[in-house]
Amino acid sequence: MTVPHIRTPLPGPKARAIIDRDEVVVSQSYTRGYPLVIERGSGATVEDVDGNVFLDCTAGIAVNATGHSHPDVVKAILEQAQRFIHMSGTDFYYESQVRLAEELAAVVPIDGGVRSFFGNSGTEAVEACIKLSRYATGRVNLIAFLGGFHGRTMGSLALTASKTIQRRGFGPMMPGVYHAPYPDCYRCPLGLKAENCAAECLDYLEDQLFLHLVSPEEVAAIVVEPIQGEGGYVVAPDQFLERLRELTTTHGILLVADEVQSGMGRTGKMFAIEHAGVRPDMIAIAKGIASGLPLGIAVARAGLMTWPAGAHASTFGGNAVACAAALATLKLLRESLMANAAEVGRHFMAGLKSLSERHPLIGDIRGRGLMIGVELVRDRRTKERATEERDAAVNAAFARGLLVLGAGKNSIRFSPPLVLTREQADTAVRIFDEALTEVEKARR
Ligand SMILES: Cc1ncc(COP(=O)(O)O)c(C=O)c1O
């Protein structure tokens, strides 16, 4: 069968019935943009409960790195589940958790020896980084960036500055958090041109924050996404990350890379910060690490992770089945998928860029590997954000069988499983082309 293949109106009758039940009993705080009710998935394709088949460029929000139900991952999960499912790595030992920590130590771009702390999600990985930064430095303050997303529990939420809806009604936030502008070069917060930007955004930290609000010697950590994910797939220039490293080193501030979305091979390297050659002190990992099983990990320089027994732990963190899935995932990433992300990512990006001339809605196309964002604007000169058009384009793609997600106010993200083929990338570009044509026609 060709993918995609849409055989019912969307949602189909079975999907409709499930969504109706969901609306009664499930928290409606989730942001479902369109009515996809999945029945099964394989590689980069997803079938819904009515037999419609979609091409998946979401990977369950950048999670299914190895594709849906990769046979090696399924096998690892089954084998582990048959032996034992859970024993809590907080109070007992099992080899898979140790092996995963060893394998991570071999791939993270952190100097010296490293240790791993295991949780269940991205937000828990970030919470662990926050707590460890404070503990290891004896300092309380943290700096994060506007537009950044780090999670929704009370510590990570204080760092998150993506959309106000995520904070509204939940204050006061954890104190001691300051925000600085992120180098969104398409919309430079300082009005500069990307070509001659030498990471001036960092001047704000030195000339404003450190001057008026917080002494650098009281800052525990600066937490940064090397590529903002929820914020719109915004790529920080290399020199920004390089200068951030210099600045943090000068002041004894820890540099924490939140690679929850950008990590695990998605950008063509294991971690996005490696593109800049920058070595942070801690890395928050989740999403892609276990191909869909819940796992969040804070990896830190061994010399920093000196907290004593009982200081921090999580019953389920580093669950044996999740660790088995992560080990199988890492193997696949190293053997082929990271390289595939780089190669197919380049092809995909070129395909999307070729649409630019035909579609005035396209303002910017950016990203690395298979982490690609397309920002839509009403006018290329004024860069007026095309938020409604973005939502319409996401829906028009869905109607044609292509799954994509929005990011930021007016961007679309392509974050497919890393098994995506060149042919599938071509299909995605073709459908996106049609979706944009439909939206542009409706605007006229
Ligand atoms: C960069 C980043 N950090 C943290 C998180 C939070 O992860 P989780 O939803 O697993 O708590 C996300 C989720 O999208 C993220 O993109």
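A few points about this structure:
- Computed over region 1-131, Kirkwood Rh from alpha-carbon pairs, angstrom: 18.4 Å
- Highest-fluctuation residue, Ala44, Ala199, Ala326 considered, GNM on the chain with Cα pairs under 10 Å: Ala199
- Straight-distance candidates among the lysines for linking to Lys193, with alpha-carbon spacing under 20 Å and chain neighbours fewer than 8 residues away dropped: Lys383.
- Förster radius 22 Å - calculated FRET efficiency between Thr164 and Glu384, Cβ distance, rounded to 0.05: 0.65
- For region 262-361, averaging the sequence separation of C-alpha pairs within contact (under 8 Å, six or more residues apart) and dividing by the residue count gives a relative contact order of 33 percent.
- Helix runs (DSSP H) in the chain reaching 15 Å along axis by Cα, Kyte-Doolittle at least 0.0: 95-107, 122-137, 320-332, 338-355
- Inter-part distance, region 1-66 to region 156-182, computed on C-alpha centroids, equals 31 Å.
- Förster radius 60 Å - calculated FRET efficiency between Arg444 and Ala302 (Cβ-Cβ, nearest 0.05): 0.50
- Scanning residues 5 or more positions from Val114 or on other chains, those with amide H under 5 Å from its amide H are Ala302, with H placed 1.01 Å from N in the peptide plane.
- ³J(HN,Hα), Karplus 6.51/-1.76/1.60, whole Hz, each residue of region 226-233, x for Gly, Pro: x, 10, 5, x, 4, x, x, 6
- Listed by Cβ neighbour count within 10 Å, with the fewest neighbours leading, Met338, Met264 appear as Met338, Met264.
- Mean Cα-pair separation over length for region 108-164, i.e. relative contact order, pairs under 8 Å, 6 or more apart, %: 29 percent
- Percent antiparallel among DSSP beta bridges (both partners in the chain, rounded to 5): 70 percent
- Theoretical ellipticity at 222 nm over the chain - DSSP helices of four or more residues, -39500 (n - 2.57) apiece, nearest 500: -10500 deg cm²/dmol
- The magnitude of the dipole of the chain, with charges of +1 and -1 set on the Cβ of Lys/Arg and Asp/Glu and taken from the Cα centre, is near 600 debye.
- Packing rank of 290-300, 51-61, where each peptide gets the mean count of other beta carbons within 10 Å, highest leading: 290-300, 51-61
- Farthest positive-ward along the chain dipole, Cα basis, beta-carbon charges - from Gly33, Thr8, Leu190: Thr8
- Computed over the chain, Cα set: Rg, Dmax in Å: 21.5, 64
- Separation in nanometres of the label points that stand 7 Å from Cα toward Cβ, at Gln239 and Asp72: 4.0 nm
- Checking the cross-link pairs Lys331/Lys409; Lys269/Lys331; Lys14/Lys163 against a 25 Å limit on the alpha carbon distance flags Lys331/Lys409; Lys14/Lys163 as lying beyond it.
- Each residue, Asp20 and Tyr34, gets one label point 7 Å from its Cα in the Cβ direction; the gap between the two is 2.3 nm.
- Contact order, relative form, for the chain: 22 percent (alpha carbon pairs under 8 Å, 6 or more residues apart, mean separation divided by residue count).
- A straight chain from Arg430 to Thr90 at 0.36 nm per residue would run longer than the Cα-Cα distance by 117.5 nm.
- Label-point separation, Cys188 to Ser336 (7 Å along Cα→Cβ), nm: 4.4 nm
Coordinate-derived values only; no laboratory data. These figures come from a predicted structure and were not determined experimentally. Don't worry about glycine lacking a Cβ; one is built from the backbone with ideal geometry, like all the others, and counts go over all protein chains shown.
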